[in-house]
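See structure below.
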């Protein structure tokens with residue numbers, strides 16, 4: 001028997017289990033989050049005798065007789081102050097890490113009420129955030145510290161929610177205090193637990209599954225295999241490429257170590273692994289294909305029936321070879337960028353429940369209608385028999401677009417007619433979900449004697465891993481953006497996405513552009529050196545303006561301020577002894593001729609205005625964006641508006657949260673719906689008169705396919721533009737970043753800053769420290785070894801906004817996306833800074849020979 005106190009109350013437990021599990025499962029104190037279960041992320045931080053401690057590292061025997069305080073047990077004064085400070089500063093995005101930060105901050109401030117910024121950063125360095133870049137978290141702790149020291153009352157401030165106002169996020173308080181529900185916080189009566197058995201090899205033939213011993217276990221509910229799938233055993237984010245097995249059938253070949261071969265269901269979470277270990281599986285191990293070169297070899301076995309090439313793209317305008325031959329300066333360089341992990345804070349989780357003759361799911365993804373479609377197809381059910389509701393989503397960055405646990409939860413719930421929770425461990429998450437594509441790239445770029453760009457040629461090979469995921473569209477975007485936002489006479493870009501037996505690669509913030517931008521910008525720096533221009537000068541000379549043609553032929557709209565962003569960072573670049581500059585662009589919307597629709601319903605219910613849209617909130621703040629769009633259109637107070645969570649029964653299909661599209665597409669749809677309500681109100685009808693009425697809005701962009709015959713095709717509905725400068729210290733460490741962004745009409749400046757700060761920090765990790773270790777197709781990475789940056793390693797980040805004039809009358813008031821663009825220029829800017837620092841060109845990520853790499857022992 002173990003006895004101690006939790007939040008001032010005595011508790012006992014007979015089993016010596018992990019403190020984190022006891023708090024969450026036994027006491028239902030779910031403000032303590034399970035992020036990694038390895039002591040690496042800090043999401044589970046609690047106070048043990050007043051000291052910040054990671055509860056996943058403590059068993060109950062270690063806290064015998066001690067006092068444990070969770071986020072739920074801090075004082076009401078602390079709750080009020082921290083809720084105010086974190087909302088005020090915009091320190092909350094996905095929110096999954098925030099209770100852990102708050103708890104660490106309390107431990108620090110109890111010892112050092114006047115902690116400096118440096119001390120705060122050190123005090124929370126055991127906590128990882130992937131969203132914010134730490135800037136606003138530190139600012140929030142500083143505000144809270146001052147309020148607690150001086151016993152300041154909570155300010156009563158006006159809550160303006162028009163466009164351009166720093167309105168507090170609608171979900172800030174519940175995320176800060178840990179009261180909001182993520183999927184794993186939910187318990188459904190009668191719920192059982194399921195987990196997949198993963199392939200023992202990257203590539204092997206599955207010979208036999210014997211579940212006899214497992215089924216004899218008293219807790220075992222079922223062991224399902226591919227033979228139990230009632231509908232289609234193939235899923236896939238893109239309807240026209242469904243190549244991912246729900247489970248590998250006996251007799252077939254596995255494609256990577258994350259493949260599910262069986263699904264085990266247990267009455268308890270604790271006995272799941274024990275039952276899984278009882279399932280006997282026989283394989284014939286086969287040699288895996290671990291690079292695009294191996295996969296394209298003549299004698300290579302086919303990973304998929306169609307072969308080992310997922311997609312091929314070729315964009316060509318003009319005679320590139322002829323133009324390059326006449327160019328005064330030409331540079332050719334090979335670039336190599338690695339597979340990269342999202343490391344979102346919340347591991348994947350879903351709950352499936354029987355629902356009449358269908359299923360209902362609680363999920364945390366980037367698109368509930370994608371889940372509905374894929375689960376319905378797997379179960380052989382009509383769409384209306386599968387319904388999905390999103391709980392809070394603890395980060396995504398593209399990594400939660402594909403099925404990971406949702407289909408397995410739905411399958412087990414449907415077959416057993418019981419509620420089933422499927423939760424990935426962090427180890428499983430690292431194995432299973434798609435990553436950022438590793439790419440090998442050869443870029444050739446030419447210019448004239450004055451540094452005016454003439455032509456560029458690129459050949460790109462993308463390792464798309466075991467399954468299609470979004471590898472095809474990622475390759476497209478890598479190709480369509482490969483030349484950057486610059487003016488050329490001709491371009492030629494050829495890309496190939498190749499299947500391998502590595503983990504699948506798919507959507508990741510930047511969507512292929514992060515990779516090719518690194519190459520494009522590197523070649524510009526080489527050309528600048530040849531011509532005698534600075535990095536800044538060659539970019540400003542060639543940057544597109546309104547009326548110019550983008551490399552893909554699209555005419556640049558008047559909603560562009562790329563040169564203005566370069567001018568905004570000019571002085572910082574020129575005054576720093578060692579600095580690199582990068583500017584780039586990113587599309588808003590799926591584009592390239594594909595269907596792309598935003599939808600919203602505004603309804604009047606119980607005297608309130610409800611905004612109903614399926615647009616997924618993954619930390620970027622789309623719910624707050626839609627509220628501010630509605631307030632701008634309707635001229636009403638924010639207190640009148642309710643933003644509903646995505647639910648297939650209540651909210652219309654607004655498409656996936658991807659491609660930096662939701663603020664523009666669903667923002668415009670919400671504006672149109674709100675205009676209809678505004679018309680009725682302007683005609684003299686009251687809210688009582690309109691009770692129960694619904695007003696629908698929809699926006700669909702018309703774009704042209706790749707290699708359109710049009711002279712000036714419209715590839716995308718819009719683009720955002722940005723410039724970044726990375727400044728180095730004398731010792732070679734990054735001193736600061738300065739970023740200027742053209743995101744059109746800024747909806748919420750503080751929130752937009754937070755997106756940029758988080759994107760810069762993520763880009764810095766991509767550039768300098770992050771790795772995804774694998775050996776022979778086996779994932780050896782752990783959360784602790786990914787190279788994620790903590791608060792002590794991210795330098796100051798200064799952000800500013802620029803925009804073209806007169807844009808507010810455009811689509812969605814001129815709003816453009818920022819989520820992906822936030823991270824794209826960072827790695828090139830850092831590489832440029834090191835080139836300026838020591839003259840050494842670094843064409844590989846993470847960048848080599850910097851103070852951020854551990855010195856190799858001789």
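Quick rundown of the values:
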read-out: Cross-chain or 6+ apart pairs with Cβ under 7 Å, the stretch 331-351 first and closer than 11 Å to residue 433 by Cβ, then assigned to a strand (DSSP E or B); value: 341/435; 347/423
read-out: Complete set of residues in the stretch 1-46 that are in a strand (DSSP E or B) and more than 28 Å from residue 781 (Cα to Cα); value: 2, 3, 4, 5, 6, 9, 10, 11, 12, 13
read-out: Top-ranked residue in the stretch 258-292 [being part of a strand (DSSP E or B) and under 22 Å from residue 410 (Cα atoms); ranked as farthest from the chain's Cα centre (by Cα)]; value: 266
read-out: Some residue of the stretch 764-782 being more than 17 Å from residue 91 (Cβ to Cβ), assigned to a loop (DSSP other than H, G, I, E, B), modelled with pLDDT of 95 or more and within 16 Å of the chain's Cα centre (by Cα); value: yes
read-out: Residue match in the stretch 558-579 (condition: assigned by TED's automatic domain parsing to the domain that holds residue 759, modelled with pLDDT under 95 and out of contact with any strand residue (DSSP E or B) (no Cβ under 7 Å at 6 or more places or on another chain)); value: yes
read-out: Pair list, Cβ < 6 Å and 6+ apart or interchain, from the stretch 468-481 residues that are farther than 15 Å from residue 589 by Cβ to residues that are assigned to a helix (DSSP H, G or I); value: 478/515; 478/516
read-out: Which listed residue is touching a residue at least 24 places away in the same chain (Cβ under 8 Å), outside the structural domain of residue 663 (by TED's automatic domain parsing), touching a strand residue (DSSP E or B) at 6+ places or on another chain (Cβ under 6 Å) and not in a helix (DSSP H, G or I), from 830, 847, 824; value: 824
read-out: Condition met for residue 230 (out of contact with any strand residue (DSSP E or B) (no Cβ under 8 Å at 6 or more places or on another chain), outside the structural domain of residue 20 (by TED's automatic domain parsing) and over 13 Å from residue 408 (Cα atoms)); value: no
read-out: Number of positions in the stretch 197-227 that are buried (at least 17 other Cβ atoms within 10 Å of the Cβ) and part of a helix (DSSP H, G or I); value: 2
read-out: Residue 565 being surrounded by fewer than 24 Cβ atoms within 10 Å (Cβ to Cβ) and within 22 Å of residue 827 (Cβ to Cβ); value: no
read-out: Subset of the stretch 53-74 (residues that are in a strand (DSSP E or B) and touching a residue at least 12 places away in the same chain (Cβ under 8 Å)); value: 54, 59, 67, 68, 69
read-out: Selected residue (only one of 115, 91 is under 16 Å from residue 168 (Cβ atoms) and either in contact (Cβ under 8 Å) with a residue 24 or more places away in the chain or touching a strand residue (DSSP E or B) at 6+ places or on another chain (Cβ under 8 Å) (or both)); value: 91
read-out: Any hit, the stretch 381-388, residues being in contact (Cβ under 8 Å) with a residue 12 or more places away in the chain, surrounded by 21 or more Cβ atoms within 10 Å (Cβ to Cβ), touching a strand residue (DSSP E or B) at 6+ places or on another chain (Cβ under 6 Å) and within 30 Å of residue 500 (Cβ to Cβ); value: no
read-out: Among (1) part of a helix (DSSP H, G or I); (2) within 23 Å of residue 395 (Cβ to Cβ), the one test that residue 614 misses; value: (1)
read-out: The lone exception for residue 77 - which of (1) farther than 30 Å from residue 786 by Cα; (2) touching a strand residue (DSSP E or B) at 6+ places or on another chain (Cβ under 8 Å) it fails; value: (2)
read-out: Of residues in the stretch 1-23 being within 30 Å of residue 789 (Cα to Cα) and free of Cβ contacts under 8 Å to residues at least 40 places away in the same chain, the one farthest from the chain's Cα centre (by Cα); value: 22
read-out: Answer from 133, 164 - the residue that is in contact with a strand residue (DSSP E or B) (Cβ under 8 Å, 6 or more places away or on another chain), assigned by TED's automatic domain parsing to the domain that holds residue 35 and either in a loop (DSSP other than H, G, I, E, B) or free of Cβ contacts under 8 Å to residues at least 40 places away in the same chain (or both); value: 133
read-out: Failed item in (1) buried (at least 24 other Cβ atoms within 10 Å of the Cβ); (2) more than 29 Å from residue 832 (Cβ to Cβ), with residue 579 passing the rest; value: (2)
read-out: Residue in the stretch 223-237 that is touching a residue at least 60 places away in the same chain (Cβ under 8 Å) and over 15 Å from residue 378 (Cβ atoms) present; value: no
read-out: Qualifying residues in the stretch 94-112 (those that are assigned to a helix (DSSP H, G or I) and in contact (Cβ under 8 Å) with a residue 60 or more places away in the chain) - the one farthest from residue 55 (Cα to Cα); value: 110
read-out: Verdict on residue 817 being at positive phi, part of a loop (DSSP other than H, G, I, E, B), assigned by TED's automatic domain parsing to the domain that holds residue 574 and buried (at least 17 other Cβ atoms within 10 Å of the Cβ); value: no
read-out: Unique residue being surrounded by fewer than 23 Cβ atoms within 10 Å (Cβ to Cβ), closer than 30 Å to residue 310 by Cβ, under 28 Å from the mean Cα position of the chain (by Cα) and at pLDDT 95 or above when the list is 516, 480, 496; value: 496
read-out: Tally, over the stretch 578-595, of residues that are part of a loop (DSSP other than H, G, I, E, B), over 30 Å from residue 731 (Cβ atoms) and touching a helix residue (DSSP H, G or I) at 6+ places or on another chain (Cβ under 7 Å); value: 2
read-out: Any hit, the stretch 730-744, residues being in a loop (DSSP other than H, G, I, E, B), surrounded by fewer than 24 Cβ atoms within 10 Å (Cβ to Cβ) and under 26 Å from the mean Cα position of the chain (by Cα); value: no
read-out: Those residues of the stretch 388-402 which are assigned to a loop (DSSP other than H, G, I, E, B) and either within 19 Å of residue 755 (Cα to Cα) or assigned by TED's automatic domain parsing to the domain that holds residue 93 (or both), in sequence order; value: 393, 394, 395, 396, 397, 398, 399, 400
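The values are calculated or read from the model by the stated rules, or taken from the named source; none is laboratory data. Here the structure is a predicted model, which is why all the values come from computation and not from measurement. Here the Cβ is made from the backbone with ideal geometry for all residues, glycine too, and neighbour counts use every protein chain on show.
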